[in-house]
Structure formats: C-alpha cells, structure tokens
Amino acid sequence: MNIDFALAQKAASLARKGVTGKDLGVKLGVKTMEANTLAAIGAKEEARHSHRLTVPEIELLNALAAEHAYLLRAGETRGPKSKDVAWRARRSDGWAAATAQKRIFDERPDETQKRTVRGMGFVHVAGNGYMWLTPAGWALIHFMGGAE
C-alpha cells in the first residue's frame, strides 16, 4: 500500500479532534478501515518528527559542552553555572535552565502532577544554578562533532 502522508497527517489531525470511525472515512473519502490506518500512520509520523532537537536546544548543548571544556582547562572540576552557559550562548541568564527544562533535562519533580517527570536525558539541571551534561548528553555532543 502506498501511503499518502498528507492524507495521513489530515487523518491524524481529525482523529485528535475526535473524528473517528465512519465519520473519519467520510471526511477523507476512504473506507473506515483505511481511514483508521491513515490516522494511526499520521500519528506515528508526527511522533517520529516531534523528537528532533530544536535550534535553541542544540545551541544550549554546544554552549554547555564549551563551558565544561573551558572550566576543565582553567583547572576547575565543578559543573558550569547555568548563567555562564547562557552568557556563552549570548542569551539572558535564565535561558539555559529554562531551555533545558522544556525537553532535554534528565528528570525533575513536577508539582502539578505530583511525581517525577523524565525528559530526553541530555542535561542535568541542579536546583542551585548549576547544570551539566549527562553521559547521554556527552554521547550526543560527540556525535554532533562538538567538544574537542
């Protein structure tokens, strides 16, 4: 079966809005079973694309790796301060921690959900203003060709 990804995307969008079954097939001009399959394929395709890193996330990872390297060359063994990482990326003080806490953090408590939530696992953001790359973060940096 050749999949029309534009139609699958439309099917996923309609399914998110609550259109399912026969109604979905009618709106798409296909049989119900095909409509459901297209909706599932569209949802999987959207999920696959949603895991791409954004430009600010890549900037943060590169700035964090560069700050780690700078500290080591200066004889420091501590992790970078988030405000120094933000400065290195030419952003405002809170940018580094805020950017990391959206998706690329390792884990953090969530007061609204009353549990610990997990991110992509590349950056650990300590509550005291420090942050550092996790082993997965370093692997990603090396893959991207960063961190000398």
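With contacts defined as alpha carbon pairs under 8 Å and 6 or more residues apart, what's the relative contact order of region 1-121 in percent?
On the way: 125 pairs, mean separation 18.4, N = 121.
15 percent.
In region 63-122, what percent of the accessible surface is made up of carbon and sulfur (1.4 Å probe, ligands and nucleic acids excluded)? Each step should come with its number before you reach the end.
On the way: 1840 of 3760 Å².
Of the solvent-accessible surface of region 63-122, carbon and sulfur hold 49 percent.
Given the Cα atoms of the chain, and with Rh set as the inverse mean 1/r over their pairs in the Kirkwood sense, what is Rg to Rh to two decimals?
Reported Rg/Rh, Kirkwood definition of Rh: 1.18.
Please give the helix 32-49 orientation as an angle from the longest Cα principal axis of the chain, in degrees from 0 to 90, rounded to the nearest 10.
Orientation of helix 32-49: about 10 degrees from the principal axis.
So, with +1 on the Cβ of K and R and -1 on the Cβ of D and E, and no other charges, what is the size of the charge dipole of the chain about its Cα centre, to the nearest 20 debye? Before the final figure, lay out each step's value.
Working: 22 positive and 16 negative charges, 82 e Å.
Dipole of the chain, to the nearest 20 debye: 400 debye.
Express the relative contact order of region 56-148 as a whole percentage, based on alpha carbon pairs under 8 Å and six or more residues apart in sequence.
On the way: 140 pairs, mean separation 26.5, N = 93.
Here the relative contact order equals 28 percent.
Across region 18-105, how many lysine pairs, 8 or more apart or on two chains, come within less than 22 Å at their alpha-carbon atoms?
Values: Lys22/Lys31; Lys22/Lys44; Lys27/Lys44; Lys31/Lys44; Lys44/Lys102; Lys81/Lys102; Lys83/Lys102.
Pairs that pass both the separation and distance tests number 7.
Before I look further, what does the chain give for accessible area per residue, probe 1.4 Å, in whole square angstrom?
Spelled out: the 1.4 Å probe surface of the chain, per residue, equals 64 Å².
Tell me, Kirkwood radius of region 1-70 from alpha-carbon pair distances, in Å? Walk me through the intermediate numbers first.
Details: mean 1/r = 0.0718 Å⁻¹.
For region 1-70, the Kirkwood estimate is 13.9 Å.
Among Ile58, Ile41, Ile104, determine the one that fluctuates most according to a GNM of the chain built with springs between C-alpha atoms less than 10 Å apart.
Result: Ile41 has the largest fluctuation of those listed.
Amide H neighbours of Ala89 under 5 Å, at least 5 residues apart or on other chains, H built in the peptide plane: list them.
none
Amide H to amide H under 5 Å from Thr134: which residues, 5+ apart in sequence or cross-chain, H placed 1.01 Å off N in plane?
Val123, His124
The values are calculated or read from the model by the stated rules, or taken from the named source; none is laboratory data. Please read these numbers as outputs of a predicted model, since none were measured by experiment. Using ideal geometry, Cβ is built from the backbone for each residue, glycine included, and neighbour counts are taken over all protein chains shown. Accessible surface is based on the protein model in full, side chains and every heavy atom, while ligands, DNA and RNA are left aside. Shrake-Rupley method; radii C 1.70, N 1.55, O 1.52, S 1.80 Å.
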